[in-house]
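Notes follow the structure.
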Amino acid sequence: MSELSHRANLASRALIAVAGADWRGFLQGLLTQDVETLAPGEARFAALLTPQGRLLYDLFLIGREDGCWLDCQAGARAALLQRLTIYRLRAKVSLELDTTPVFAAWDAPPAGNGWIADPRLPELGWRGYGLAEAPNAGEADYEAHRLAVGAPGPADWGEDASYPLEADFDLLNGVDFRKGCFVGQETTSRMKRRGVIKSRMLPISFEGAAPPAGAEILAGTLRAGQVLSGGDGRAMALLRLDRIEGAALEVEGRPCRVETPDWMTA
């Protein structure tokens with residue numbers, strides 16, 4: 001094992017096992033990602049939205065021989081399962097809680113089989129499920145790595161608070177605009193088609209401890225956005241794109257600057 005490969009058990013994530021004759025069609029009509037072509041051993045990033053197009057739950061779809069896993073927030077798993085059960089109606093689909101642990105690896109390829117490339121960005125590393133791995137890092141280390149990459153996470157988009165394009169799902173391979181209908185598609189497709197993405201989640205840097213979530217970011221006297229989550233020296237923020245270009249920004253009286261990651265401009 002490379003000394004540069006970090007591995008963490010993600011206790012904040014949990015699995016729902018989906019199977020049955022209709023599992024692909026069932027999820028295809030709900031999620032932002034194409035399910036029909038999901039192959040065993042493949043991971044895809046997706047979301048379940050409200051009918052109005054706001055983010056409810058982020059998901060990783062993990063293809064299996066007889067169905068898939070839904071890798072979701074552990075704290076939201078029960079609510080997600082309940083919502084999926086409501087949508088199921090007469091579809092031949094089984095939805096079961098699964099206790100298989102979720103791992104993440106980053107910085108260098110992990111040794112051994114069973115790791116799956118993170119579908120969002122190569123920089124985010126790999127995900128593993130049920131592996132006999134000894135973690136050499138904690139979940140806080142993984143979150144620090146994600147923040148350094150500049151990718152928002154569940155602590156940033158909340159539940160029913162953000163649109164997926166504001167949370168960069170279109171740039172993180174989380175929306176397939178060619179797949180056809182899904183819950184919330186009309187609003188999502190319209191925002192993409194009309195180019196009306198007025199705000200995006202972007203990392204910011206500053207001196208000292210992270211401001212509290214919700215702290216206002218100012219461009220002069222104008223409100224340019226708000227802090228979401230972060231740590232010392234760096235945080236994610238939801239920013240008004242029309243107010244940050246070339247502007248001197250501050251938060252709680254401290255200067256801050258936008259750190260647009262390369263993957264957003266590639």
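Out of all the residues in region 68-83, which are closer than 15 Å to G20 by Cβ and buried (at least 21 other Cβ atoms within 10 Å of the Cβ)?
C68, W69, L70
Tally up the residues in region 197-224 that are within 20 Å of the chain's Cα centre (by Cα) and under 23 Å from H145 (Cα atoms), please.
Qualifying residue count, region 197-224: 7.
Does region 84-99 hold any residues that are surrounded by fewer than 12 Cβ atoms within 10 Å (Cβ to Cβ) and either touching a Phe, Trp or Tyr at 6+ places or on another chain (Cβ under 8 Å) or closer than 16 Å to G130 by Cβ (or both), and which are they?
E96, L97, T99
Among residues belonging to region 27-41 that are small (G, A, S) and surrounded by fewer than 14 Cβ atoms within 10 Å (Cβ to Cβ), point out the one that is farthest from Y142 (Cα to Cα).
Narrowing region 27-41 to residues small (G, A, S): 29, 39, 41.
Checking which are surrounded by fewer than 14 Cβ atoms within 10 Å (Cβ to Cβ) leaves us with 39, 41.
On the way: A39: 27, G41: 22 Å.
Among those residues, the one meeting the criterion is A39.
Residues R64, R24, R44, R13: which one is within 23 Å of A137 (Cα to Cα), of a type in the set (K, R) and modelled with pLDDT of 95 or more?
That would be R13, the only listed residue that is within 23 Å of A137 (Cα to Cα), of a type in the set (K, R) and modelled with pLDDT of 95 or more.
Check A108, A104 and return the single one that is in contact (Cβ under 8 Å) with a residue 12 or more places away in the chain, surrounded by fewer than 16 Cβ atoms within 10 Å (Cβ to Cβ) and not charged (D, E, K, R).
Checking each option against the conditions leaves just A108.
If I go through region 130-142 residue by residue, how many of them are in a helix (DSSP H, G or I) and either touching a Ser or Thr at 6+ places or on another chain (Cβ under 7 Å) or in contact (Cβ under 8 Å) with a residue 60 or more places away in the chain (or both)?
3
Any chance you could count how many residues in region 188-208 are more than 19 Å from R54 (Cα to Cα) and surrounded by 13 or more Cβ atoms within 10 Å (Cβ to Cβ)? Even if it seems obvious, please write down each step before you answer.
Going through region 188-208, the residues more than 19 Å from R54 (Cα to Cα) turn out to be 203-208.
Subset that is surrounded by 13 or more Cβ atoms within 10 Å (Cβ to Cβ): 203-206.
So the answer is 4.
Could you list, in sequence order, the residues of region 150-175 that are surrounded by fewer than 17 Cβ atoms within 10 Å (Cβ to Cβ) and out of contact with any Ser or Thr (no Cβ under 7 Å at 6 or more places or on another chain)?
Applying the first criterion (surrounded by fewer than 17 Cβ atoms within 10 Å (Cβ to Cβ)) to region 150-175 yields 155, 158-161, 173.
Answer for region 150-175, where residues must be surrounded by fewer than 17 Cβ atoms within 10 Å (Cβ to Cβ) and out of contact with any Ser or Thr (no Cβ under 7 Å at 6 or more places or on another chain): G158, E159, A161, N173.
Among strands (runs of 3 or more DSSP E) lying entirely in region 30-129, which contain 1 or more residues that are touching a helix residue (DSSP H, G or I) at 6+ places or on another chain (Cβ under 8 Å) and closer than 30 Å to I197 by Cβ?
Where strands (runs of 3 or more DSSP E) fall fully within region 30-129 and carry at least 1 residues being touching a helix residue (DSSP H, G or I) at 6+ places or on another chain (Cβ under 8 Å) and closer than 30 Å to I197 by Cβ, they are 43-49, 55-64, 67-73, 102-106.
The values are calculated or read from the model by the stated rules, or taken from the named source; none is laboratory data. Please read all numbers here as calculations on a predicted model, not as lab measurements. As a convention, Cβ positions derive from the backbone with ideal geometry for all residues, glycine included, and neighbour counts pool all protein chains shown.
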